[in-house]
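Input: a single structure, listed below in structure tokens.
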Amino acid sequence: MTLQRIGLVAAREARAERGQPEGLIGAATFIAVLIFVESLTIGPIAASHPATAAALYWIALTFAAILVASRAFDRELEDDAIDAVLALPGGRDALYAGKALALTALLAIVALIGGGLVLILVPLAVTAPLALALVVTAGVVALPPIVVLTVVLALRLRARGALVPILALPMLVPHLVAATYGCAAAASGDTSGAFAWSGLLVAFALVYWVLGFTIVPAALE
Amino acid sequence: MISTTAKTTSALRARPFLGAASVVALFVALWMALVWSPPDAAMGNVVRILYVHVANAWLAYLAFVVVFLASVAYLWTKRLVFDAIAVASAEIGVLFTGLTLVLGSIWAEPTWGVWWSWEPRLITTAVMFAMYVGYLLVRNLSDDLERRATRAAVLGIVLVVDVPIVHLSVTWMNALHQLPSVLRPDLSPTLDPSMLASLIAMTIAFTVLYAYLMTARVDIERRRQARVLEARG
């Protein structure tokens, strides 16, 4: 029953995004601009270092995730739809997990766009593309639970725009480090290193999803 | 003066005694740390920063674990006293984490030759500091009493994950920072006995100080809560 509700919230989110793809367009544009400006600021030679390129990519993707998640909850608040969902039995669990699930799907698209842009802008020869895809997939799956958690905690608060990154970024430090080093390892051909970092990201994803699903619905009001 | 309907609790009655005990304990611990304990063979008198630095770090750990326990208790019972305990402990924890970073930096300059190094213990401690500053921000930006308490409780539970990471970071990724000298996996401290005694005395003194600060801050928070509830009718 709960799984069905989660699926309904995620499907509703996908429909809303298809109807008005402001979140997706905003996040895609944001990641493109951020990667472009970051690469330009530090210069093409410095940006072509695998660890630097990976760090720029993950920082940009994290901010894009914050943008998309905030937009998803803004949409709920605009017409007070959130109150109706929360009033349903199991509505809190479904809202949290459904939003996180929908964010994962959206982030996968944004990650592809951002990744493609990094490969075009930065002269980076990726020697282990499959390992890179694995790290990016694990990293994308591990991002939403924490980002949605921070958006939920900052919901209806003053200065929410500043508060979400202040809360999310320190919590995401282990994730960002693992994802950056994993991508750097994959880009430089170190497949065993990339697999090890992917394993860590999968562990983070498990912990974050279980923790989020257990405790975050309590904060949804 | 804040008007209140909060009751006088046993913790409140114990506060003057805790205050006196913390002053005495701090004097004894400072005498042991600055006069009684010997200088280090390699670092000389600089080692005396250890006593306050480690005691500060211990207090930060203790404070954040109390935030976690109070947060669980609040979500379980919805009693506002646990929220008061959580905010009091979080504020003390942030203060002492900040002091740990500052004292560590002062100690690092003569021993490592730098004020700051990008090594695991320092980074994880700084991250913990930033996380709990965020916790206090969430609280301060929220007006509704119960909503604020619930959100803070959720955050207080999630953030405690960083405490063992900070402590174990030197074991997992050994860099510049020395390995634990007291809370070691094999439970055998590596310090000279007089240094260990001074460190334990300082830790006890800081713990008593924590108890004193907690009673004072919890009392203020309880009065605030009572005032809000009173205004609400």
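The values are calculated or read from the model by the stated rules, or taken from the named source; none is laboratory data. It should be emphasised that the depicted structure is a prediction, and the values quoted were computed from it without experimental measurement. Using ideal geometry, Cβ is built from the backbone for each residue, glycine included, and neighbour counts are taken over all protein chains shown. SASA here: full protein model, heavy atoms, side chains in, ligands and nucleic acids out. Shrake-Rupley method; radii C 1.70, N 1.55, O 1.52, S 1.80 Å.
General remarks:
- Among the conditions (1) more than 10 Å from the chain's Cα centre (by Cα); (2) surrounded by fewer than 19 Cβ atoms within 10 Å (Cβ to Cβ); (3) assigned to a helix (DSSP H, G or I), B:V114 misses just one, which is (3).
- One residue alone among A:L167, A:L201 is surrounded by 21 or more Cβ atoms within 10 Å (Cβ to Cβ), facing another protein chain (nearest Cβ under 9 Å) and in contact with a Gly (Cβ under 8 Å, 6 or more places away or on another chain), and that residue is A:L167.
Yes/no matrix, rows are residues, columns are (1) over 30 Å from A:A218 (Cα atoms); (2) assigned to a helix (DSSP H, G or I); (3) modelled with pLDDT under 85:
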{"residue": "A:I6", "(1), (2), (3)": "no, yes, yes"}
{"residue": "A:A11", "(1), (2), (3)": "no, yes, no"}
{"residue": "A:A28", "(1), (2), (3)": "yes, yes, no"}
{"residue": "A:I45", "(1), (2), (3)": "yes, yes, yes"}
{"residue": "A:T52", "(1), (2), (3)": "yes, yes, no"}
{"residue": "A:R75", "(1), (2), (3)": "no, yes, yes"}
{"residue": "A:A97", "(1), (2), (3)": "no, yes, no"}
{"residue": "A:L106", "(1), (2), (3)": "no, yes, no"}
{"residue": "A:V110", "(1), (2), (3)": "no, yes, no"}
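- Condition met for A:I6 (under 20 Å from A:L169 (Cα atoms) and surrounded by 14 or more Cβ atoms within 10 Å (Cβ to Cβ)): no
- Residue within the stretch A:178-194 that is aromatic (F, W, Y), out of contact with any His (no Cβ under 9 Å at 6 or more places or on another chain) and more than 13 Å from chain B (Cβ to nearest Cβ) present: no
- Of the residues making up the stretch A:146-161, just one is more than 9 Å from every other protein chain (Cβ to nearest Cβ) and surrounded by fewer than 19 Cβ atoms within 10 Å (Cβ to Cβ), namely A:G161.
- Tallying residues that are assigned to a helix (DSSP H, G or I), more than 8 Å from chain A (Cβ to nearest Cβ) and open to solvent by 20 Å² or more (accessible area, probe 1.4 Å) within the stretch B:151-164 yields 1.
- In the set (1) in a helix (DSSP H, G or I); (2) open to solvent by 50 Å² or more (accessible area, probe 1.4 Å); (3) without any contact (Cβ under 8 Å) to a residue 24 or more places away in the chain, the condition left unmet by B:A42 is number (1).
- Just one residue in the set A:S70, A:S48 is within 12 Å of the chain's Cα centre (by Cα), over 26 Å from A:A203 (Cβ atoms), open to solvent by less than 50 Å² (accessible area, probe 1.4 Å) and among the small types (G, A, S); that residue is A:S70.
- Out of A:A159, A:A185, A:A133, one residue alone is at pLDDT 85 or above and closer than 27 Å to B:T125 by Cα. It is A:A185.
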